[in-house]
Amino acid sequence: MTLIALGLNHQTAPVSLRERVAFDRDTVPVALAALRRVDGVEEAAILSTCNRIELYSNVRDGREQAIVEWLHSHHGLTPPTLEEFLYRHDGPAAVRHLFRVATGLDSMVLGEPQILGQVKESYHLARAAGALGSPLERLFQNTFAVAKRVRTDTRIGANPVSVAFAAVRLAHQVFADLGRSTVMLVGAGDTVELAARHLTESGVKRMLVANRTLANAEALAARFGAQAMPLSDVPARLAEADVLIASTASREPVITRAQVASAIKARRRRPMLILDLAVPRDVEPATAELDDVFVYTVDDLSGVIEDNLRSRREAAREAEAIIDLQVGHFMDWCRGLDGQGVVRTVRAAAERERDALLARARAMLEHGKPAEEALAFLANALTNKIMHAPSANLRAAALRGDSELLRAAEKLFADTSDARPRPE
């Protein structure tokens, strides 16, 4: 079996491709069931965020490419559409990758905390779908422990930065007095809530919150003194917004070029800043072609946040050291799991031989053979059966000069009786 992490992210693929292969939260259980039906896939989990789409799987050796083929097929893509954008990590590299992802070391914003919650959600979805076995279950539990230790032992979370923070920072650069601007927030998830918090701290007095579920918009608006409205009201009120920040889970754009064009006309060409933080995008890409409209996606924010990262880079080096240590511990556990399998196989074979010979010894007694003769037969036959294969393999090893196997056998069959504690 091979542990694999396969995916694409903001570093390897543009947003236009990522949005084509993103998974909706509601469809993840169905996708996991389909992935589990692929020959050779023993367990799986799917992590899908605005910046990355990753599959974590345990697969039989030689079946790794089947996951790539499934990813193309599931999203209706013709191979090799994704090949040049995909990265793949196997074994300890896959473990290290998940640890780095969960601690924010692989994020667009170094050390951002939201990703850990997203990793936890992917774990819970996979667990609820019955897609996890012992190895992935243990890997995710170790991942959460590593992320907690990194947050506790380093300053990776110091000087808060996130995509939402970067968006608000950019708004500050465009509008000198952001506090007097009207900001419309579309969506009610974690990213929008974080943006609302940063906007409030920046002195923004007027915020509008739009969401498909009005109750969610009202709950978020109440926390920040904003005004809630249904998503259907956005076209009519879009002209009020100096800044629009959108982050929903919609598969299709919720704001069109025509709606923004109409709003700009009503604003009499006063500029509008649009920060589309969703993948797939919430705003039609053609909107960026309009005059007096400035559209930024998650990919455009990487340069904005550079100044906020200096204090986290030293912490990141400390985090890498923690991760390296914990990868070693997890792989030790995996090797122990493999060793348990070998022990179970060897013991089962020995027990089968024992039961067969015991039956023959009992038959001898039933036919009147002396007990001493039956016991001698059982002892000699059992010894010969158990030792035949090891003895033949060791003789062959001696003939070809395989000293490594001979030393291992010497250690394996060493008499440990003297190592036992003796009564005083």
Q: Could you tell me whether region 85-95 includes any residue that is assigned to a helix (DSSP H, G or I), within 30 Å of residue 263 (Cβ to Cβ) and within 13 Å of the chain's Cα centre (by Cα)?
A: no
The residue from 8, 55, 47, 35 that alone is surrounded by 20 or more Cβ atoms within 10 Å (Cβ to Cβ), modelled with pLDDT of 95 or more and more than 21 Å from residue 124 (Cα to Cα) is 8
When residue 63 is run through (1) closer than 25 Å to residue 333 by Cα; (2) crowded, with 22+ Cβ neighbours inside 10 Å; (3) at pLDDT below 95, the failure sits at (2)
By residue number, the members of region 24-68 that are charged (D, E, K, R), in contact (Cβ under 8 Å) with a residue 24 or more places away in the chain, out of contact with any Ser or Thr (no Cβ under 6 Å at 6 or more places or on another chain) and farther than 26 Å from residue 113 by Cβ are 36, 39, 42, 43, 60, 63, 64
Taking region 363-375 and keeping only residues that are in a helix (DSSP H, G or I) and either in contact with a Lys or Arg (Cβ under 6 Å, 6 or more places away or on another chain) or free of Cβ contacts under 8 Å to residues at least 12 places away in the same chain (or both), one is left with 363, 365, 366, 371, 372, 373
On the basis of being in contact with an Asp or Glu (Cβ under 9 Å, 6 or more places away or on another chain), part of a helix (DSSP H, G or I) and closer than 22 Å to residue 193 by Cβ, does residue 125 make the cut?
no
How many residues of region 155-193 are within 27 Å of residue 270 (Cβ to Cβ) and assigned to a helix (DSSP H, G or I)? The answer is 17
Matching residues in region 36-69 (within 21 Å of residue 93 (Cβ to Cβ), in contact with a strand residue (DSSP E or B) (Cβ under 9 Å, 6 or more places away or on another chain) and in a helix (DSSP H, G or I)) number 3
Scanning region 1-16 residue by residue, those touching a Phe, Trp or Tyr at 6+ places or on another chain (Cβ under 6 Å) and more than 28 Å from residue 331 (Cβ to Cβ) turn out to be 13
If we keep only residues of region 103-129 that are polar (S, T, N, Q) and farther than 19 Å from residue 304 by Cβ, then the residue surrounded by the most Cβ atoms within 10 Å (Cβ to Cβ) is 103
Residue hits (region 13-23; touching a strand residue (DSSP E or B) at 6+ places or on another chain (Cβ under 6 Å), in contact (Cβ under 8 Å) with a residue 60 or more places away in the chain and not in a helix (DSSP H, G or I)) are 22
Being exposed (fewer than 13 other Cβ atoms within 10 Å of the Cβ), touching a residue at least 12 places away in the same chain (Cβ under 8 Å) and more than 23 Å from residue 48 (Cβ to Cβ) narrows 252, 289, 318 down to just 289
Checked 40, 7 against criteria (of a type outside the set (A, V, I, L, M, F, W, C) and within 16 Å of the chain's Cα centre (by Cα)); the one match is 7
Flagged pairs (Cβ under 9 angstrom, 6 or more apart or on separate chains; first in region 203-230, more than 15 Å from residue 243 (Cβ to Cβ); second assigned to a helix (DSSP H, G or I) and basic (Lys, Arg)) are 223/197; 229/237
Query raised in the report: Does region 79-102 contain any residue that is aliphatic (A, V, I, L, M) and in contact with a His (Cβ under 8 Å, 6 or more places away or on another chain)?
Result: yes
Based on what the data block shows, is residue 235 within 25 Å of residue 10 (Cβ to Cβ) and not hydrophobic (A, V, I, L, M, F, W, C)?
-> no
Restricting region 11-32 to residues that are of a type in the set (A, V, I, L, M) and either exposed (fewer than 15 other Cβ atoms within 10 Å of the Cβ) or touching a helix residue (DSSP H, G or I) at 6+ places or on another chain (Cβ under 8 Å) (or both), the one nearest to residue 71 (Cα to Cα) turns out to be 21
So, first residue of a type in the set (S, T, N, Q) in region 112-139, second residue surrounded by fewer than 15 Cβ atoms within 10 Å (Cβ to Cβ), Cβ within less than 8 Å, six or more apart or across chains; the pairs are 134/337
Some residue of region 266-274 being assigned to a helix (DSSP H, G or I) and more than 17 Å from residue 51 (Cα to Cα): yes
Checked 179, 157 against criteria (more than 20 Å from residue 279 (Cα to Cα), surrounded by fewer than 18 Cβ atoms within 10 Å (Cβ to Cβ) and in contact (Cβ under 8 Å) with a residue 40 or more places away in the chain); the one match is 157
Report yes if residue 378 is at pLDDT 80 or above and in a helix (DSSP H, G or I), otherwise no. yes
Being at pLDDT below 80 and acidic (Asp, Glu) narrows 324, 338, 332, 355 down to just 338
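The values are calculated or read from the model by the stated rules, or taken from the named source; none is laboratory data. Keep in mind the model is a prediction, meaning the values are calculated, not measured. We place every Cβ from the backbone using ideal geometry, glycine too, and count neighbours over all the protein chains shown.
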